[in-house]
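Read through the structure below, which is laid out as structure tokens, and then see the notes.
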């Protein structure tokens, strides 16, 4: 009887150790994208506050294993980092920088100037001089604090309409057509060794691309430094515009700047418009959330094929593309679960809700692993 109990106890210990080992080594069972593509371009992800504070062990292990670049999802946006006039909250942004320094991850600051997620006090400013003071002080204070600590900044985010004209934002209304150039001039002075980027969505589409090129040329003509352009890459399964993406890589790099894909995800759920304007919404409808329990194999395969085609294109132009950043670590974190319809179950990334690699991951990895 004692021998039987001892045997059962030993078996229990064995299974516990085995389970812990499997859990601990989950991320080690798969190839590392940052290693596979280390001679081609950086592999990044967006980090949320929970991940920055290392509160999710599974996410932490995967981040360290897969990514060598990171963008804060929200903690460096103005409403978080500059909540009141003259008051800054650097706590989470500082933690982001420290986390990335500890793990040899380059930080892309996101974002200095954006019409959305502005602090409420700034929205209430109606005096031009006061608004200009907010604009100037915000860029100088934030950019200078992280000079030498972040690799790059999205200096201005989403300043264009779909037709390539300037978006009617508070910055355009209060400061005029030159606010983008002024923002880059201020950032250049405050962070002289930091890479400075313009970031937008749909700027691979011809009309918006044309407007983006004109904006970049305007900055350059003013003698102000701009180092690169970010194409966000919020696309839809089965509809990734590969031809337009390739032309954009060629056209932007011809300006003498770098090209990044900064917020990559591929949506699998139905939507009646394109783009990533967070002010657009759709009414909740069960038919718009068709894959609550799982993604059908056919859609999973199409998603994998789309990611494979994209990365083939990125590799073709690896001399021009310097970074590919996914907008989130896994499907459960994706902003597309809550936009443009609240509460949906979306599957736009390479890792599922359990941090396990999807077929899309293996398709991307195979592009390098087999060589």
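Full extension of the chain segment joining residue 117 with residue 65 gains 15.6 nm, where the gain is 0.36 nm per residue of separation less the Cα-Cα distance.
Over the chain, Cα pairs under 8 Å with separation of 6+ residues give a relative contact order of 16 percent.
Between helix 297-316 and the chain there is an angle of about 50 degrees, using the helix long axis and the longest principal axis of the Cα atoms. Only one of (i) 35, 24, 17; (ii) 34, 27, 17; (iii) 38, 24, 21 was calculated from the structure for semi-axes √(5λ) of the Cα gyration tensor in Å, and its label is (iii). The distance between label points at residue 165 and residue 85 comes to 3.3 nm (points 7 Å beyond Cα on the Cα→Cβ vector). Among beta bridges identified by DSSP and lying wholly in the chain, the antiparallel ones come to about 10 percent. As a proxy for reagent exposure, 185, 124, 344, 225 were ordered by neighbouring Cβ count within 10 angstrom, fewest first; the result is 124, 225, 185, 344.
Per-residue ellipticity at 222 nm from helix content only, as computed over the chain with -39500 (n - 2.57) for each DSSP H run of at least four residues, stands at -13000 deg cm²/dmol. The simple spin-label model puts a point 7 Å past each Cα toward its Cβ; for residue 225 and residue 210 those points are separated by 3.2 nm.
Extension gain for residue 98 to residue 136 (0.36 nm times residue separation, less C-alpha to C-alpha distance): 11.1 nm. Label zone (residue 127, point 7 Å along Cα-to-C-beta; backbone nitrogen cut-off 18 Å) within region 164-190: 174-175.
Gain on full extension, evaluated as 0.36 nm per residue between residue 301 and residue 272 minus their Cα-Cα distance, stands at 8.2 nm.
Using a cutoff of 8 angstrom between alpha carbon atoms and counting only pairs six or more residues apart, the relative contact order for region 102-246 works out to 25 percent. Once you keep just the Cα pairs under 8 angstrom separated by 6 or more residues, what percentage relative contact order results for region 39-159? After rounding, I find 27 percent.
Note the angle between two axes, namely the Cα long axis of helix 128-145 and the longest principal axis of the Cα atoms of the chain, as a number of degrees from 0 to 90, rounded to the nearest 10. Tilt of helix 128-145: around 40 degrees. Taking Cα atoms, how many degrees apart are the long axis of helix 179-190 and the longest axis of the chain, rounded to 10 and kept between 0 and 90? So the helix axis and the longest Cα principal axis differ by about 70 degrees.
No lab work stands behind these numbers, since they all come straight from the coordinates. Model, not experiment: these values are computed from the prediction. So basically every Cβ, Gly included, is an ideal-geometry build from the backbone, and we count neighbours across all protein chains shown.
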